[in-house]
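Peer 1: Let me give you the structure first, and then I'll get to my questions.
The values are calculated or read from the model by the stated rules, or taken from the named source; none is laboratory data. Just so we're clear, the structure is a prediction, and the values are computed from it rather than from any experiment. Every residue, glycine among them, receives a Cβ derived from its backbone with ideal geometry; neighbour counts consider all protein chains shown.
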Amino acid sequence: MIGYTRKIALLMLAGSPLIASAENANWLKEASSLLKNNEAEKAISILELEMENHAGELEYDFLLGQAALANNQPNLAVFALERAILSNPSQDGARYTLARAYAKLGEIKQAKKELLYIVKTSNNRRYKELSSNLADKLQQPNKAKYSFVVKSGIGNDSNANSATENESFLGFSLSKNSKATSSSTLMGQMTAGISYPLSRKINFNANADTFKLDYQDASFVNTSATSLGTGLSFKTNKNNQENLQAFARYVEVDEKKNSQQVGAQFTHKLSINRKHIISASLRGAQTKYADSFSVKNVNQISGGLQYQHKKRTKLKDFVGTSVTAIAGKDLPLESDSIYERTYVGAQAGLFIADHRGKVNIIANFNYMNSSYDANFFGKERAENSIGSTIKVDIKLHSKWKISPNISYTRNFSSVDLYDFERAQMNVALSYKII
């Protein structure tokens, strides 16, 4: 009954002869400009002054709905956008924004209804794709969301064991395992995850991952790893989100037990607006090594701070940059260990994504300085590492994705054994089962 009454009211407003045209109005242009500059609240204050004269006009209602949604007022957005599509059923932009407002209110069934209407009736390819993607992502409240991804790839590594190219060290001839070895690679990976909403603001997450990397010409560094993680994410308000995760990881190299790790990480994410995001993280872990000189147990603590900026281009594609700073300490439990390390680093990144979600390009450049608190065979060990990575994700289908990537690392060390240059190239094909 309430929904029927609301429709009658909307029809009366939409058909009122007292409504004046808002086209080319200065106040409309000002409100639109404010919204584009992420000042939705100011835009709404201007639009509300004109509601009596212009409610029911498509341009007015659409802009008010967009501003209300951006200002976290989904109820106002729904009222304005329902009014817009009642008199303009073929207006895909208003209907798509209405679906987003419904989703914000938790009315998932109604949101999907609007999205599927666009998919079935629209001639606008962009809105059909956007609606189809959003409909796939929406889940009914209190329902678990599952994912299972299988990935395989081939590649080549010019320095598979991250070793020196020197023939000797401190007068000793180095074995094949201690010298840089080039090798082609085969990779396989399976990842499973579950996300379950405990409430509108709290989500439970769990994931499992198994990874295998075979070096065809350097089998002594063949690696397999299994990881488990679980945690909670909290959304305290529209701008803040916290994630707390516990994890465990088991690694084998050359079919021998190499290390096992347990730890936890806390991350706080602050969205200043749609363009600017700041994230801070704190991570603690303990790693137990099996057969690696004097390293047995290492306590590790690190922290990071990241700033991200993203915006839309005139073609509606996304362009973003990020800057990250990290610092950490590795503390072996054995006294006078040569592996006690303090490190600081930075990373700068760039990403480009087309609005259809078909292609993503990510480029990262990083630097790391590490110092060790004990001498290594009489030498004070210190290292500086620089590197870069370029990865391209190409969506072939709703479930298939191909990802070529290339990376380069140059490690400058005062100890020749750890001075190396490494290049990796790989192409992975992944399939999302759920």
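Peer 1: Identify all residues within the stretch 47-66 that are closer than 30 Å to His276 by Cβ and surrounded by fewer than 18 Cβ atoms within 10 Å (Cβ to Cβ); write none if there are none.
Peer 2: Hits for the stretch 47-66 are Glu48, Leu49, Glu59.
Let's see how each residue does on (1) surrounded by 14 or more Cβ atoms within 10 Å (Cβ to Cβ); (2) in contact with an Asp or Glu (Cβ under 6 Å, 6 or more places away or on another chain):
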{"position": "Asp217", "(1), (2)": "no, no"}
{"position": "Phe220", "(1), (2)": "yes, yes"}
{"position": "Ala225", "(1), (2)": "yes, no"}
{"position": "Leu228", "(1), (2)": "yes, no"}
{"position": "Asn237", "(1), (2)": "no, no"}
{"position": "Arg249", "(1), (2)": "yes, no"}
{"position": "Glu252", "(1), (2)": "yes, no"}
{"position": "Asn273", "(1), (2)": "no, no"}
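Conditions tested, residue by residue: (1) outside any strand (DSSP E or B); (2) small (Gly, Ala, Ser).
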position	(1), (2)
Asn366	no, no
Ser371	no, yes
Glu383	no, no
Thr389	no, no
Val392	no, no
Ser398	yes, yes
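Peer 1: Can you confirm whether Asn369 is within 17 Å of the chain's Cα centre (by Cα) and polar (S, T, N, Q)?
Peer 2: No; evaluated as a whole, the condition is false for this residue.
The rows are residues; the columns are (1) farther than 24 Å from Tyr215 by Cβ; (2) at pLDDT 95 or above; (3) loosely packed, with under 14 Cβ neighbours inside 10 Å; (4) not assigned by TED's automatic domain parsing to the domain that holds Gly188.
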residue	(1), (2), (3), (4)
Ala325	yes, yes, yes, no
Ala374	yes, no, no, no
Ser385	no, yes, no, no
Thr389	no, yes, no, no
Lys401	yes, no, no, no
Arg422	no, no, no, no
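Peer 1: Give me the residue from the stretch 73-117 that is outside any helix (DSSP H, G or I) and either of a type in the set (Gly, Ala, Ser) or in contact with a strand residue (DSSP E or B) (Cβ under 6 Å, 6 or more places away or on another chain) (or both) and, out of that set, nearest to Leu130 (Cα to Cα). If you could, list the steps in order and put the result at the bottom.
Peer 2: Going residue by residue through the stretch 73-117, those that are outside any helix (DSSP H, G or I) are 73, 88-91, 105-107.
Subsequent filtering for residues that are either of a type in the set (Gly, Ala, Ser) or in contact with a strand residue (DSSP E or B) (Cβ under 6 Å, 6 or more places away or on another chain) (or both) retains 90, 106.
On the way: Ser90: 16, Gly106: 19 Å.
Out of the qualifying residues, it is Ser90.
Peer 1: Could you please give the count of residues in the stretch 87-111 that are buried (at least 20 other Cβ atoms within 10 Å of the Cβ) and of a type in the set (Ser, Thr, Tyr)?
Peer 2: Going through the stretch 87-111 one residue at a time, the tally reaches 3.
Peer 1: On the given criteria, is Arg6 at pLDDT 85 or above and in a helix (DSSP H, G or I)? Steps first, please.
Peer 2: Numbers: at pLDDT 85 or above: no; in a helix (DSSP H, G or I): yes.
It is false that Arg6 is at pLDDT 85 or above and in a helix (DSSP H, G or I).
Peer 1: Next question. Can you pull out the residues in the stretch 198-217 that are in contact with a helix residue (DSSP H, G or I) (Cβ under 7 Å, 6 or more places away or on another chain) and small (Gly, Ala, Ser)? Spell out the reasoning first.
Peer 2: First, pick out the residues of the stretch 198-217 that are in contact with a helix residue (DSSP H, G or I) (Cβ under 7 Å, 6 or more places away or on another chain): 215.
Hits for the stretch 198-217: nothing passes.
Peer 1: What single numbered condition from (1) surrounded by 14 or more Cβ atoms within 10 Å (Cβ to Cβ); (2) in a strand (DSSP E or B); (3) touching a residue at least 60 places away in the same chain (Cβ under 8 Å); (4) not hydrophobic (A, V, I, L, M, F, W, C) fails to hold for Asn161?
Peer 2: (2)
Peer 1: For the structure I just gave you, tell me whether Asn203 is over 30 Å from Gln241 (Cα atoms) and either charged (D, E, K, R) or at pLDDT below 95 (or both).
Peer 2: Working: over 30 Å from Gln241 (Cα atoms): no; either charged (D, E, K, R) or at pLDDT below 95 (or both): yes.
The answer is no for Asn203.
Peer 1: In this structure, is Ile394 at pLDDT below 95 and in the same structural domain as Ser182 (by TED's automatic domain parsing)? Spell out how you get there, then give the answer.
Peer 2: Values: at pLDDT below 95: yes; in the same structural domain as Ser182 (by TED's automatic domain parsing): yes.
Yes, satisfied.
Peer 1: All but one of (1) at pLDDT 90 or above; (2) buried (at least 16 other Cβ atoms within 10 Å of the Cβ) hold for Leu244, so report the exception by its number.
Peer 2: Evaluating Leu244 over (1) at pLDDT 90 or above; (2) buried (at least 16 other Cβ atoms within 10 Å of the Cβ) leaves (2) as the failure.
Peer 1: Is it true that some residue in the stretch 181-201 is part of a helix (DSSP H, G or I) and in contact (Cβ under 8 Å) with a residue 60 or more places away in the chain? Show your work before the answer.
Peer 2: Step one: of the stretch 181-201, the residues part of a helix (DSSP H, G or I) are none.
The answer is no; no qualifying residue exists.
Peer 1: OK, next. With respect to Lys269, determine if the residue is modelled with pLDDT under 90, in a strand (DSSP E or B) and touching a Ser or Thr at 6+ places or on another chain (Cβ under 7 Å). Break it down into steps so the answer makes sense when it comes.
Peer 2: On the way: modelled with pLDDT under 90: no; in a strand (DSSP E or B): yes; touching a Ser or Thr at 6+ places or on another chain (Cβ under 7 Å): yes.
Here the answer is no, as Lys269 does not meet what is asked.
Peer 1: Determine whether the stretch 297-307 contains at least one residue that is of a type in the set (Val, Ile, Thr), at pLDDT below 95 and touching a strand residue (DSSP E or B) at 6+ places or on another chain (Cβ under 7 Å). So that I can check it myself, show each step before the final result.
Peer 2: Our first condition is that a residue be of a type in the set (Val, Ile, Thr); within the stretch 297-307, this holds for 298, 301.
Those still in the list that are at pLDDT below 95 too: 298.
Okay, now just the ones that are also touching a strand residue (DSSP E or B) at 6+ places or on another chain (Cβ under 7 Å), so 298.
There is at least one residue in the stretch 297-307 that is of a type in the set (Val, Ile, Thr), at pLDDT below 95 and touching a strand residue (DSSP E or B) at 6+ places or on another chain (Cβ under 7 Å).
Peer 1: Further question on the same structure: Going by the conditions given, is Phe351 farther than 21 Å from Ala264 by Cβ, surrounded by 14 or more Cβ atoms within 10 Å (Cβ to Cβ) and either touching an Asp or Glu at 6+ places or on another chain (Cβ under 8 Å) or at pLDDT below 95 (or both)?
Peer 2: Values: farther than 21 Å from Ala264 by Cβ: yes; surrounded by 14 or more Cβ atoms within 10 Å (Cβ to Cβ): yes; either touching an Asp or Glu at 6+ places or on another chain (Cβ under 8 Å) or at pLDDT below 95 (or both): yes.
Yes.
Peer 1: Go through (1) surrounded by 15 or more Cβ atoms within 10 Å (Cβ to Cβ); (2) at pLDDT below 90 and name the single condition Ser370 misses.
Peer 2: Failing condition for Ser370: (2).
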